[in-house]
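Trainee: Quick one: the structure is below, and I'll ask about it shortly.
The values are calculated or read from the model by the stated rules, or taken from the named source; none is laboratory data. Computed from a predicted structure; not experimentally measured. We place every Cβ from the backbone using ideal geometry, glycine too, and count neighbours over all the protein chains shown. Areas reflect the complete protein model, heavy atoms only, side chains present, ligands, DNA and RNA absent. Shrake-Rupley method; radii C 1.70, N 1.55, O 1.52, S 1.80 Å.
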Amino acid sequence: GTQVTVEIHHKDTTPPRFKLSFGKGFQRTEGPRPPEAKDLHAYPWDKSSLKSMAVDLQQFEKLDAYALKVDVKNSVEELVKALLKLARTDLEKVRAIWMWICHHIEYDIVGYHNKSQRLSKPIDVRFKTEVSRCILLFPCSIAGIQCMKLSGYSKGYGYKMGKTFTGDSDHAWNAVYLEGRWHLLDSTWGSGHVDDAFTKFTFRYNEFYFLTHPALFINNHFPDNSNWQLLKPTLTLKDFEKNMVPNSNFYTLGLLAAHPETAVIQTVNGKASVSVDCRSATLFMFELNGTDEHSFMTLKKHGMKLDIYPQKTGSHKLQVFAKPYKSSEGVYNHVLEYVIECKSVDKATRFPKALSQPVGPSWFTELQGFLRPSHRDPIIHTNDGRCSVTFTLGKDISILAELHPDNSSATEVIRQRHIMQIHHGNQIELKIHLPHAGNFVLKIYAKKKSDPGNYTYIFNYLITCLNTEVKWPAFPQYYSNWAEGYEILEPLSGLLPANRNIQFKLKIHGIAKVLVLADDTYTLTQNRGYWEGTCNTSGCREVFVTVQENANRKVYTQLLKYEVETQ
């Protein structure tokens, strides 16, 4: 029945800031013990769990919902009593207190900017919401849970990569004693975030900072007392300063590791590389100084690889974003940030502006129906300006392919008529003849055959040719009646020489007659599944291939158009 009153004084003032009264009905908390060997976790992270103890969040759903609705404002003691109504274990007690604080108490932005106006503890007796509350020490103490306030350096709001930490601590968080071990949590970062100008706080609950695994907590929390890292071995302040900082999204999205581990990357011969490992299918985006240019990203089965080629010396900001492939939301979450220090520029490496990221085939393109690609590498090198890319189509889809050069905007002739589609059952071949040397982007689109709508972009290749003598003409122009399964064996060039006999060999099924219209009309004959014959280009500037689909109807349809060289 003893009543104990505790007066809390600011270290620089005499008047009490607030009082807490502890009445009967709550057990006395024993003095916290320092961390021991059994509290320690191995460093680096073993990728087994995001938390330091087994937690089933589904079992917390009822407790969480109840804690959020608790509305007691007369005293901290009454608040805790109400919060613990459904709690049966120490873990549930901590959880209920944590949830209430994370959803009801704002970050003290005024106090952050002006220390003289900062309230010294997380909850005052008036229950104002604009309160600095880096700790949940008193509520846990009232609930009989051993809880420690820890201070140290943090890589939070306002942190700049490469920063050196000196002077007083800039943040506080907690350790709670549960099931025989110490565990870390940060209710400040669990409750929400502030804007870049540090003038507005927004509630946004973050589960990651509840009982966070110490090997992950150390990424952005460095305690004054290294024992409270709860790690073996401990991390030095120097390593803490230089290590890059995966944010909470990195881990909650199922990402496992990023390389390199340092926040600042030095280019080697004008190039820097970053890779990310993940558990499941994940899509990535990035920005180098706000754009995705001058870089080359490829998706891997369990992650991605990114090569960066800064076009200026100096410091460059690289941000990486990710989202699960199966996510119904189109939002990419920020997961990583680096500073790229470039001492020299690789002037020989340039990418066309039309190049989209990521580049090349991957698990994503397989899911879209592009199986067994002939070229698994995202870059196709050709010496004579010709290449052929094949796939097995795993879906009933139509394909559209375009070719984009690395200079000015491409004409329709370059975009589409330097690519020929050839279908053999569910196999598709893209035959490519480059108009000149240089870098080209092969963009591939698809849509369901039953879909009358537009094509959707799927992926692209980078095609390179250094041979300056390359100058292939376009393929012949197709008309709408040219169908899948039709094939041109000769002539492939859409530009025919003048005054010459030209041999034709076409694979066209399901028709009655094939005519070639030049200055005269030439009839092709069917031979072993092919229509063959010869025409002469004298006296004409264009040559057309027409077909009669029904022998009983004298109606001819144009399929192909060739141009003839001027004399």
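Trainee: What pairs in K300/K323; K471/K507; K242/K301 have C-alpha atoms more than 25 Å from each other? Working shown, then result.
Mentor: Values: K300/K323 15 Å; K471/K507 27 Å; K242/K301 29 Å.
Among K300/K323; K471/K507; K242/K301, the Cα-Cα distance tops 25 Å for K471/K507; K242/K301.
Trainee: Can you tell me the dipole magnitude for the range 252-342 around its Cα centre, using point charges on the Cβ only (Lys, Arg +1; Asp, Glu -1), in Debye to the nearest 20? Don't skip to the answer; put the middle values down first.
Mentor: Numbers: 9 positive and 9 negative charges, 59 e Å.
Approximately 280 debye in magnitude.
Trainee: Here is a follow-up. Tell me the accessible surface of S374 in square angstrom (1.4 angstrom probe, heavy atoms of protein chains only), to the nearest ten.
Mentor: Using a 1.4 Å probe on the heavy atoms, I get roughly 60 Å².
Trainee: Under a Cβ-only charge scheme (Lys and Arg +1, Asp and Glu -1), can you give me the dipole magnitude of the range 232-299 about the Cα centre, in debye to the nearest 20? Please list the in-between numbers first.
Mentor: Details: 5 positive and 7 negative charges, 57 e Å.
Around 280 debye, computed over the range 232-299.
Trainee: Taking the Cα centre of the chain as the origin and placing charges on Cβ (Lys, Arg +1; Asp, Glu -1), which of V194, Y209, C540 is farthest toward the positive end of the dipole?
Mentor: Y209
Trainee: Something else about it: Pick out the long, greasy-scoring helices in the chain: whole DSSP H runs spanning 27 Å or more along their own axis by Cα, mean Kyte-Doolittle at least 0.0.
Mentor: Values: long enough: none.
Helices meeting the span and hydropathy rule in the chain: none at all.
Trainee: List the aspartates and glutamates whose alpha-carbon lies under 12 Å from that of K73, not counting same-chain residues fewer than 8 positions away?
Mentor: D124
Trainee: First select every other residue whose beta carbon is under 10 angstrom from the beta carbon of V564; then total the charges, Lys and Arg +1, Asp and Glu -1.
Mentor: Details: positive: R500, R541; negative: D519, E542, E563, E565.
Here the count lands on -2.
Trainee: Right, another one. Considering only DSSP beta bridges with both partners in the chain, what is the antiparallel share in %, to the nearest 5?
Mentor: Details: 123 of 134 bridges.
Looking only at bridges with both residues in the chain, the antiparallel portion is about 90 percent.
Trainee: Do the alpha carbons of any pairs in K395/K449; K38/K93; K160/K353 sit beyond 19 Å of each other, and which pairs? Intermediate values should be presented prior to the final figure.
Mentor: Values: K395/K449 9 Å; K38/K93 23 Å; K160/K353 31 Å.
Long pairs (Cα-Cα over 19 Å): K38/K93; K160/K353.
Trainee: Let me ask you something else. For the range 160-258, which trypsin sites (Lys or Arg not before Pro) are in a loop by DSSP, counting at most 12 other Cβ atoms within 10 Å?
Mentor: Details: sites: K160, K163, R181, K200, R204, K238, K242; in loops: K160, K163, K200, R204.
Here the sparse-neighbourhood loop sites are K160, K163, K200, R204.
Trainee: Ok, one more. For K347, give me every one of the lysines with a C-alpha distance below 22 angstrom, ignoring sequence neighbours fewer than eight places off in its own chain.
Mentor: K271, K305, K312, K317
Trainee: If you don't mind, another one. Ignoring the sites themselves, what is the longest stretch of the chain with no GluC sites (Glu not before Pro) in a DSSP loop and at most 16 other beta-carbon atoms within 10 Å? Please report the intermediate quantities before stating the final value.
Mentor: Details: sites that count: E30, E36, E179, E261, E293, E329, E469, E484, E549, E565.
With a cap of 16 other Cβ atoms within 10 Å, the longest stretch comes to 37-178.
Trainee: What is the distance, in nm, between label points placed 7 Å from the Cα along the Cα-to-Cβ direction at T164 and at S226?
Mentor: Each label point is offset 7 Å from its Cα along the Cβ direction, giving 1.9 nm.
Trainee: Moving to a separate point now. Only loop residues by DSSP count here, and only those with at most 15 other Cβ atoms within 10 Å; note down the chymotrypsin sites (Phe, Trp or Tyr not before Pro) in the range 25-106 that meet that.
Mentor: Numbers: sites: F26, W45, F60, Y66, W98, W100; in loops: F26, W45.
Passing both the DSSP loop test and the Cβ count: F26.
Trainee: To continue, here is another question. Of the heavy-atom accessible surface of the chain (probe 1.4 angstrom), what whole percent is carbon and sulfur? Before the final figure, lay out each step's value.
Mentor: Working: 13520 of 28320 Å².
Taking all protein chains in place, the chain shows 48 percent carbon and sulfur surface.
Trainee: Per residue, what accessible area does the chain have, given a 1.4 Å probe and all protein chains present, in Å²? Write down the numbers at each step before the final one.
Mentor: Details: 28320 Å² over 567 residues.
So the chain comes to 50 Å² accessible per residue, rounded to a whole number.
Trainee: Oh, and also: For the range 363-475, what relative contact order do you get, as a whole percent, if you take Cα pairs closer than 8 Å and at least 6 residues apart?
Mentor: That works out to 32 percent.
Trainee: Another question, then. Take R528, R386, R500 and sort them by solvent-accessible surface of the protein heavy atoms, 1.4 Å probe, largest at the top. Walk me through the numbers on the way to the answer.
Mentor: Working: R528 220, R386 110, R500 130 Å².
Highest to lowest solvent-accessible surface, that is R528, R500, R386.
Trainee: Along the Cα-to-C-beta direction of D384, a point sits 7 Å from the Cα; which residues of the range 481-524 have their amide N less than 15 Å from that point?
Mentor: Of the residues in the range 481-524, 492-493 have backbone N under 15 Å from the label point off D384.
Trainee: Same structure, new question: List the trypsin sites (Lys or Arg not before Pro) within the range 272-309 that fall in a DSSP loop (any state other than H, G, I, E or B) and whose Cβ has at most 16 other Cβ atoms within 10 Å.
Mentor: Values: sites: R279, K300, K301, K305; in loops: R279, K301.
Taking the range 272-309 and a limit of 16 other Cβ atoms within 10 Å, the loop trypsin sites (Lys or Arg not before Pro) found are R279, K301.
Trainee: Cross-link partners among aspartates and glutamates for K149, C-alpha distance below 12 Å, same-chain residues fewer than 8 apart left out?
Mentor: D186, D224
Trainee: From the helices alone, meaning DSSP H stretches of at least four residues, give me the mean residue ellipticity at 222 nm for the chain, per-run term -39500 (n - 2.57), in deg cm²/dmol to the nearest 500. Walk me through the numbers on the way to the answer.
Mentor: On the way: 11 runs with 73 residues, N = 567.
Calculated from helices alone, the mean residue ellipticity at 222 nm is -3000 deg cm²/dmol.
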